[in-house]
1. Working only within the range B:280-306, note down all residues that are at the interface with chain C (Cβ under 9 Å from one of its Cβ atoms), part of a helix (DSSP H, G or I), surrounded by 19 or more Cβ atoms within 10 Å (Cβ to Cβ) and touching a residue at least 12 places away in the same chain (Cβ under 8 Å).
2. Just to be sure before I move on: is residue B:63 at pLDDT below 95, under 20 Å from residue B:126 (Cα atoms) and assigned to a helix (DSSP H, G or I) in the structure I sent?
3. Residue A:94 fails exactly one of the following numbered conditions: (1) in contact (Cβ under 8 Å) with a residue 60 or more places away in the chain; (2) touching a His at 6+ places or on another chain (Cβ under 8 Å); (3) in the same structural domain as residue A:149 (by TED's automatic domain parsing). What is the number of that condition?
4. In the range C:199-229, how many residues are surrounded by fewer than 24 Cβ atoms within 10 Å (Cβ to Cβ), more than 7 Å from chain A (Cβ to nearest Cβ) and farther than 23 Å from residue C:62 by Cα?
5. For the range A:200-217, give me each residue that is in a helix (DSSP H, G or I) and surrounded by fewer than 19 Cβ atoms within 10 Å (Cβ to Cβ).
6. Output the number of residues of the range B:89-148 satisfying the condition of being within 25 Å of residue C:60 (Cβ to Cβ), among the hydrophobic types (A, V, I, L, M, F, W, C) and touching a residue at least 24 places away in the same chain (Cβ under 8 Å).
7. Could you tell me whether any residue of the range B:193-202 is part of a helix (DSSP H, G or I) and under 25 Å from residue C:146 (Cα atoms)?
8. Of the conditions (1) part of a helix (DSSP H, G or I); (2) closer than 29 Å to residue B:241 by Cβ; (3) not charged (D, E, K, R), residue B:127 clears all except one; give me its number.
Amino acid sequence: MSNPILATHGLCKSFGALKATEDVSIDLRHGEIHAIIGPNGAGKSTLIQQISGALRPDAGTIELLGHDVTRLTTQARARAGLGRTFQVSALAMEDTVLENVLLGALGASGRPWRFWRSVHADKTQKETALAALERVGLADAKDQRTADLSHGQRRQLEVAVALTLTPRAFLMDEPMAGLGASGSKQMTGFLDGLRDEAPILLVEHDMDAVFALADRISVLVYGRIIATGSVDDIRNDAAVRAAYLGEDA
Amino acid sequence: MSSLLIAEQVLNGLQSGIMLFLMAAGLTLIFGVMGLINLAHGSLYMIGAFAAAAVAGATGSFLLALVAALIAAACAGAIVEMVVIRRLYHAPHLDQVLATFALILIFSEGTRWVFGSFPLFLDIPEALSGPVTLPGGIQYPLYRLALIGAGLAVAAGLWFLTARTRIGIQIRAGENDREMIAALGVDISKLYTLVFALGAGLAGLAGALVGAIQSVQVGMGEPVLILAFVVIVIGGIGSIKGAFIGALLVGLTDTLGGIFLPELFKLFMAPDAATQTGSALASMAIYILMSLVLIWRPSGLFGVRL
Amino acid sequence: MIGERYLNLLVLAALMAVPLWALAADEPFTITLATRAVILALAAVGLNIALGMGGLVSLGHAVFFGLGGYAMGILASHAQSYTPLELFGLTIEGTKSMPVIWLTAIIISALAAWGIGLLSLRTSGVYFIMITLAFGQMFYYFAISWSAYGGEDGLSIYVRNGFPGLNTLVPIEYFGLCFAVLCLALLLNARLQGSPFGLALNAARQVPARVETVGLDPMRLKLLAFVLSGAITGLAGALFADLNRFVSPTMFSWQLSGELIVLIVIGGVGRLMGPVIGACLFVTLEHWLGGITEFWHVFLGAILLLIVLFARGGIVGLLTGKEGPHV
């Protein structure tokens, strides 16, 4: 078995008396989609924030491609190959769709310190940006103001920005959030093909999508991973049924 | 330099710090509860001072003057809150800055229009004038001592109000969770007006109290306002305790810096140059203090971590 | 409604036409007023980079204006008295050459902006506003207590500094010079808006978290914007000092910082010509209302309140019918 692309070892984070994550160890292997599920308040977003770099863990380490990135900033982790999408679309709403993906391409190039030439002058960056839009099916909307996009289109743009970084691992925070049935199906199809490019750590509420996509699932309850396994393992896990599905029913 | 002089300067620092606290407490309360940055707080300070000077001139009573200052500033605060400020709670900070800057222009020029450009004078009351002799033989103006006492009393009252009374509980709840207190049936817009008027009243009181040892004039509020901002940045926004500690630190640093830095420089410079460099540096002392706090704790000594 | 591009050209043309008319009508004071508007516009164009693009509500931009002014005052006063300036063991000759003075003003303001920005950008929101305001006050009091260069009374320079090939004492020539500098700054601003840096900075204002996740540091972007912004405002300060042949601590005052923001908001935040329109209107109001009543600030305050409460896009927003960036 090859080394994991992304791994956490014994992550802990508390807010006062509340233990938001407790001894969380998960890994993301080459070519897989690893889904993290759990009821509301289980600590999923705290976990995502620690992996992305927005929160510093109290204890434990995070490894990306075999390097310890625990103490790196968000932007350093992005440069090291982590492509994150947000649960609530974090897009520059005043800018055009193309400008949003250009920002990604610009970030990937690491050279924003140009003051005189036009942002459209760099052909490579523009091609990267357009290609990403093409892939998520937003090429026609490239000159629209982002604020005018539909909710579903914003979710697609969110993914397109991550694509421009050509990351080594994706960290996706509920990419299906707020999508209707057909949008959700479309996104599922898209993510399905994406895993060969880079593995995806997927935090998701939409169980249909999770069961359709995940190679492995980890279940987070009260800040702890109570089970990790294949879709069938998780479906049949007694502890999961009690803690998670039991609560859902 | 004698220890008497040092003791006197420490008292001066305390006195100016405590008066700063009256300003900073209102500002920090208003920010903590309503999330509003109010540049016009200095205008309320000025209104208090002018009301006091006018009433003292007419009646000769200092006590009435203080009451007038409190009422005038609180009323001005309540009116401003209901007419303008209320529309700004959910507005971006830039709008709050501009609207309250506009209020400063209106208040300052309006006051100049009514009272003219010449400073007014507010006399220290007979009973509090003259020096007293403190233990250790320190001669100190009774009025300044009274300011320290009055300020401490207000601080204690404010603590009691926020920690022990029903309205204080509502105010603290308002800082944490606006929906919650609305759900509990508290009339939030009344509460906001009340908090704003309370902050304004404190500023007006400070203006009147300080007005008796300085001159009462247009533009007196803004330097104090900016010092109060320094206090809040040091203490942490929204924290009354932070405002108290911050105010004392700023008051002491400002006063002692002005005395000791020139002396310090005389140790290794020519007296003339030392006085110049020392006093120039002393004018920057509190800002250097602020910078150090920012480097150490960006959200202030008692602020919530950002 | 009118396209923003046409509006921009129209404004520049009008700004150039007024002093030319004044020259023909022999009204030198109007030329001075126009020069004043151009210089204030330049200062506000600088601030607009931090405010409109970076979303940084700096209430301390008078610091840079004042530093630019004092750079001129100090260099020219040494040239005037034929005494070199001794600084940290270095001996610097005074100068009456505008290009040298401008360069000094730009460098000093940029350095100050870097220092202030480094400290202030550790925080955000209201803290940032209060801290920039406080630093402004620090420079103000420092200038007052620094008696070597006039302290509270300020510093007079008897002859306007020189620019190669121009007679800067002729009002229209000095206007032309300032106008050219303003146009350069506007060109820089326009290029900046469409540049990679501008794109990243605009995004850092709107969604800093996004900028981080594409591998860029929003804080560094904002710091650089603040430095550029301070440098341009500093240059404006040097020009302003030369216009008045006088510098004083009021160039550092918080009122001036406030007025610079007011100029921008009247014109339109984040709009290329917002500061220019704002400055022209401000100088006109100041002159016209100031002629009617001594208390014209009351009316300025009222106008400002109305704009904040009812016309957020400023004049450019009203005329073009388009929303500008949100700060």
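The values are calculated or read from the model by the stated rules, or taken from the named source; none is laboratory data. Just so you know, these numbers come straight off a predicted model, no measurement behind them. Heads up, the Cβs are rebuilt from the backbone with ideal geometry, glycines too, and the neighbour counts pull from every protein chain shown.
1. Within the range B:280-306, B:282, B:286, B:287, B:290, B:294 meet the criteria.
2. Values: at pLDDT below 95: yes; under 20 Å from residue B:126 (Cα atoms): yes; assigned to a helix (DSSP H, G or I): yes.
Against the criterion (at pLDDT below 95, under 20 Å from residue B:126 (Cα atoms) and assigned to a helix (DSSP H, G or I)), residue B:63 qualifies.
3. (1)
4. 2
5. Correct list: A:207, A:208, A:211, A:212.
6. Qualifying residue count, the range B:89-148: 5.
7. No, the conditions are met nowhere in the range B:193-202.
8. Of the numbered conditions (1) part of a helix (DSSP H, G or I); (2) closer than 29 Å to residue B:241 by Cβ; (3) not charged (D, E, K, R), the odd one out for residue B:127 is (2).
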